[in-house]
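The structure appears below as structure tokens.
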Amino acid sequence: MASRPGDSVDLLAAGLGPRAVRDQFAREVSDDAILVRAAQEGDRAAFGRLYERYARMVHGVLLAKVPVSAVDDLLQDVFLRALRRLSTLRESGSFGAWLVTIARNLANDYHRRALPEEPLADDVPDNHLPENDFGRGDHRAGGRTAEHAASAAAILDAIRSLPDAYRETLILRLVEGLTGPEIAARTGLTPGSVRVNLHRGMEQLRAKLRPPASGGQLEQEML
Amino acid sequence: MDTTNNKTDNEPLKNSNDYLWDGSGVPDPEIQKLEALLGGFRHDRPAPLFPEFVPSKRWTFFPWRVRLFAVLSATAAVLFAIAAIIFLTHGTKPSPVAMAGWDVSRMAGTPRIGSTTVRANELPSRLGVGQVLETDDQSRASLRSEGIGQIEMEPSSRLRLLTMGNSLKRIALDRGTIHAFIWAPPGQFVVDTPSAMTVDLGCAYTLQVDDSGSGLVRTSLGWVGFKLNGHESFIPAGAACATRPKVGPGTPYFEDASPEFRTALARFDFEDRTPQQPAADLAIVLAQSRERDALTLWHLLARVDDAQRALVYDRLSQLAPPPAGVTREGILRLDQPMLDVWWNALGFDDIAVWRHWERSWSATNGPERMSGTSAPADK
């Protein structure tokens, strides 16, 4: 496969053998290419498969940039825009990176439209989280009490205050549950970049969650 | 944090990083807690059903934007119908320039598309499907397609554009030399030559075809697949492979192999006609082979008779021990999955890419072009 300069270094930095990452990347790109071509020829089931594969990634990218309450609508917008423009995608193996670009653009458009700019930090009131999130009523791991919901919202805000690269990668890992190799394969980032973003982002998040003196409320609730 | 090199002290950090990276290793309680808390924000809605297949649920799952999409689609369909009527009524044909194709630029001399000369200081000419690009002994040309790649065409070459489909871009090199740098997804770019079909698997390579139709591919990046009538060869970077009309691809070899190795291999592939000569040449190839020549020996497994196959197996096992699950018995009976596993263990590239391409090609071009996928050209 064609490779870019520096990939081998990135792979080593990622702590994975080149074959493991390359195999996963090759499989995903190959599968994507098949699905994209089918979708370009009018196969909506194929587009549905792409949606299933990439919805969490797009959701995470949006969640890093816009209020929780706006994410689901924008998620639909991203895929609708992708569906309309699919015929313009020349490199079907680059679907993931292309989708990320659409998501980031729509998130930026959202902020341009929102005047005055809507702050991210207060979009999740302590006792009123969106229906598809904490407010659904199912009591899965982690508890769904108002206190936990408030903690979760505060942690999400802390992640969103990190630099762009870190916040997006951390949300994809911690919120959407994607692994580092999956993030790399789907966003088009190198594995090394993802690993660095995760590591440094986590360090910065820990620093933000750690109280200046001893045991702030957030850390106490979390740990 | 303790930064000494104490292995025990550092182990939790390593495990923590592994868990953060891919969920492996000892779970980090802090990260697990974050995952549990933040998991509530995770997207977990099922995929919407797309309109064409479940019309009754169309408006349930999609907002007004999809209705707008449907309206736009209907409008586009009407416009298309009008255009089709106009086209049929007036009997006009689309200009080749407007059709899908490659942009051609002159590099030297006077390359020609059909009878039209590609001139300097002009916008690139377009090579459309069905058209021929030729260079004389003084001319060179460059072809470029944004979605596929770039090709440089040497003097005295003749190239035809066969298809420009979404999933297959195909040209024919009748004679001459091209240097291709392809960025289309693996398997999409195919070059027909008189003696083999060259399948790009993500690479840069040079392909030569002489007047007799014999060919040679030399790969400089990635890998290439060569195929004809059931013979197939995989050529990774640094390797080369010849083809002959009516025979197909020979056995690939690394270009830094010894001259004796290469000469014997060429005779084995294309010249040996007496019963004894193949065995003699094979003995030279096996004796001269180095570790990286496992590339050649792996291909030979499927190109020799049963007795010779045991010899090739033994030598290949010395150079590159078979991985777990690959047995001598399986290889001697040419068990394809075992052959594939062994190929992958050689470290060149993942043969699954090729197998996937084979299935796609077979599905769209008919099984008669794909008979015998393991090159059973016994001597």
* **Residue count for segment B:128-173, restricted to those that are assigned to a loop (DSSP other than H, G, I, E, B), among the charged types (D, E, K, R) and away from every other protein chain (no Cβ under 14 Å)** => 3
* Is it the case that B:Arg359 is under 29 Å from B:Cys203 (Cβ atoms), in contact with a Ser or Thr (Cβ under 9 Å, 6 or more places away or on another chain) and loosely packed, with under 15 Cβ neighbours inside 10 Å? -> no
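Criterion first (under 15 Å from the mean Cα position of the chain (by Cα) and within 20 Å of A:Ala55 (Cβ to Cβ)) does A:Leu174 satisfy it?
Details: under 15 Å from the mean Cα position of the chain (by Cα): yes; within 20 Å of A:Ala55 (Cβ to Cβ): yes.
Yes; evaluated as a whole, the condition is true for this residue.
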* **Subset of segment A:181-195 that is away from chain B (no Cβ under 11 Å) and among the β-branched types (Val, Ile, Thr) - its residue that is surrounded by the fewest Cβ atoms within 10 Å (Cβ to Cβ)** => A:Thr190
* Asked: So which pairs qualify, if the first residue must be in segment B:319-337 and touching a residue at least 24 places away in the same chain (Cβ under 8 Å) and within 15 Å of B:Gly347 (Cα to Cα), the second must be of a type outside the set (A, V, I, L, M, F, W, C) and surrounded by fewer than 17 Cβ atoms within 10 Å (Cβ to Cβ), the Cβ gap must be under 9 Å, and the two must be at least 6 apart or on different chains?
  -> B:Leu319/B:Arg290; B:Leu319/B:Glu291; B:Ala320/B:Glu291; B:Ala320/B:Gly347
* To do: Taking only segment B:208-219 into account, find how many residues are surrounded by fewer than 24 Cβ atoms within 10 Å (Cβ to Cβ), of a type in the set (A, V, I, L, M) and under 13 Å from B:Ser157 (Cα atoms).
  => 0
* State whether one or more residues within segment B:190-199 are within 14 Å of chain A (Cβ to nearest Cβ), closer than 17 Å to B:Leu127 by Cβ and either modelled with pLDDT of 90 or more or part of a strand (DSSP E or B) (or both). => no
* Would you check if B:Gly40 is modelled with pLDDT of 85 or more and more than 8 Å from every other protein chain (Cβ to nearest Cβ)? => no
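Going by what's in this entry, would B:Ala257 be described as of a type outside the set (Phe, Trp, Tyr), at pLDDT 90 or above and over 28 Å from the mean Cα position of the chain (by Cα)? First the steps, then the outcome.
Values: of a type outside the set (Phe, Trp, Tyr): yes; at pLDDT 90 or above: yes; over 28 Å from the mean Cα position of the chain (by Cα): no.
Criteria not met by B:Ala257.
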* **Residue check for B:Thr198: surrounded by 24 or more Cβ atoms within 10 Å (Cβ to Cβ) and polar (S, T, N, Q)** => yes
* Take the residues of segment B:157-173 that are modelled with pLDDT of 90 or more and surrounded by fewer than 17 Cβ atoms within 10 Å (Cβ to Cβ): which is farthest from the chain's Cα centre (by Cα)? -> B:Arg158
* Asked: If a residue has to be outside any loop (DSSP other than H, G, I, E, B), more than 9 Å from chain B (Cβ to nearest Cβ) and in contact with a Phe, Trp or Tyr (Cβ under 8 Å, 6 or more places away or on another chain) to count, how many in segment A:51-82 make the cut?
  -> 4
* To do: Look through segment A:150-180, keep the residues that are over 11 Å from A:Asn197 (Cα atoms), surrounded by fewer than 23 Cβ atoms within 10 Å (Cβ to Cβ) and not aliphatic (A, V, I, L, M), and return whichever of them is farthest from the other protein chains (Cβ to nearest Cβ).
  => A:Ser161
* To do: Within segment B:80-101, identify whether any single residue is modelled with pLDDT of 80 or more and under 27 Å from the mean Cα position of the chain (by Cα), and answer yes or no.
  => yes
* For A:Ala2, are the conditions met, namely being within 8 Å of another protein chain (Cβ to nearest Cβ), at pLDDT below 85 and in contact with a strand residue (DSSP E or B) (Cβ under 8 Å, 6 or more places away or on another chain)? -> yes
* Structure fact -> When segment A:162-195 is checked residue by residue, the ones that are within 12 Å of A:Leu63 (Cα to Cα) and among the hydroxyl-bearing types (Ser, Thr, Tyr) are A:Thr169
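The values are calculated or read from the model by the stated rules, or taken from the named source; none is laboratory data. Worth saying up front: this structure is predicted, and the values here are computed from it rather than measured. Quick reminder, even Gly has a Cβ in these numbers, built from the backbone with ideal geometry, and neighbours come from all protein chains shown.
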